[in-house]
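Data first, discussion second: the structure below is written as structure tokens.
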Amino acid sequence: MMEYHCIKNQKKGKLLAYIFTPIAFALIWFLIIILLCNTVFSRALAYGSMVLLDRPPNFSDPVDTLFVPATDESLTALKLDQIEYPQYGSVMGQIEIESIGVATKMMYGDNNKLLKKGAGMYIGSRIPGYGGTCLVSGHNTYPFKNLKNIQIGDIIKVTTTYGVYQYEVYKTDVRPDSDKTAYDLNTDEQLLVLYTCFWVNTPIGNVKERFFAYSRMVSGPVLIH
């Protein structure tokens, strides 16, 4: 009788294994698919929000409150020890291009997080007034959606904590993203170069060209040692 019960229990165990094993595997695969889909969907949503963005996002960052714009536009020179050098990730200025409706924060740094808040200065370039090239990038949705419409002679106003600068556009160009000759960081001139991704027929995908706007400083304090 005990042998009969053992055989019967073994059969029940095999039957349960046949039933629940496929269910367990199905649940595991279901969870894996959910995780994969969530990752893909999140990335697609993030990219889609960037493409469709046509106005400044509403970010509240404590570092933003540290920026106090200069108001004296008559200054022509400042000593370096008179200014506070910007910290990485801080708001170092404001960029305004009235002719094309651009008004944005200017962040010190140009990683993806900072470029969501406004334009970002490449920290390997020079701050306004210090000589050389100040290289600033921004997304072609916001803030540089209209940068491609800028014209030679247009004025770019940059307000920092230590001075107000005006630059006059003298050239625009479209270059491959890999072209390192598109700018000269060590020039003796006081230049501001703005750039953004440039597309014609490929609004989605890897954009391989950049639109550049080159401008020379026409007013603002020169920083001296």
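Mind listing just one residue for me: the one in the range 71-114 that is assigned to a helix (DSSP H, G or I), more than 11 Å from the chain's Cα centre (by Cα) and over 23 Å from Y183 (Cβ atoms) and, of those, modelled with the highest pLDDT?
Top of the filtered list is E98.
In the range 211-225, is there at least one residue being more than 29 Å from Y85 (Cβ to Cβ), in the same structural domain as E96 (by TED's automatic domain parsing) and touching a helix residue (DSSP H, G or I) at 6+ places or on another chain (Cβ under 7 Å)?
yes
Output the residues belonging to the range 138-155 that are surrounded by fewer than 19 Cβ atoms within 10 Å (Cβ to Cβ) and either hydroxyl-bearing (S, T, Y) or in contact with an Asp or Glu (Cβ under 7 Å, 6 or more places away or on another chain) (or both).
T141, K145, G153, I155
Each row is one residue, and each column tells you yes or no for (1) small (G, A, S); (2) closer than 22 Å to M92 by Cβ.
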| residue | (1), (2) |
| --- | --- |
| K116 | no, yes |
| I123 | no, yes |
| T161 | no, yes |
| Q166 | no, yes |
| K171 | no, no |
| A182 | yes, no |
| E189 | no, yes |
| V207 | no, no |
| R216 | no, yes |
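Would it be correct to say that V193 is in contact (Cβ under 8 Å) with a residue 12 or more places away in the chain, assigned by TED's automatic domain parsing to the domain that holds R216, in a strand (DSSP E or B) and surrounded by fewer than 20 Cβ atoms within 10 Å (Cβ to Cβ)?
no
Please enumerate the residues belonging to the range 71-90 that are in contact with a Leu (Cβ under 7 Å, 6 or more places away or on another chain) and without any contact (Cβ under 8 Å) to a residue 60 or more places away in the chain.
G89, S90 - these are the residues of the range 71-90 that are in contact with a Leu (Cβ under 7 Å, 6 or more places away or on another chain) and without any contact (Cβ under 8 Å) to a residue 60 or more places away in the chain.
Being under 20 Å from the mean Cα position of the chain (by Cα) and acidic (D, E) is the filter here; which residues of the range 119-177 pass it?
Once the filter is applied, which keeps residues that are under 20 Å from the mean Cα position of the chain (by Cα) and acidic (D, E), the range 119-177 yields only D177.
Can you go through Y167, Y122 and tell me which one is touching a residue at least 40 places away in the same chain (Cβ under 8 Å) and among the aromatic types (F, W, Y)?
Y167
Could you look through the range 169-187, keep only residues that are among the basic types (K, R) and either loosely packed, with under 14 Cβ neighbours inside 10 Å or not assigned by TED's automatic domain parsing to the domain that holds L80 (or both), and pick out the one that is modelled with the highest pLDDT?
Top of the filtered list is K171.
For the range 178-201, what are the residues that are more than 21 Å from the chain's Cα centre (by Cα) and closer than 20 Å to N146 by Cα?
Residue satisfying the conditions is N201 alone.
The values are calculated or read from the model by the stated rules, or taken from the named source; none is laboratory data. This one's a predicted model, so the numbers in the text were calculated from it and none came from an experiment. When we count neighbours, we look across all protein chains shown, and the Cβ atoms used for this are built from the backbone with ideal geometry, even at glycine.
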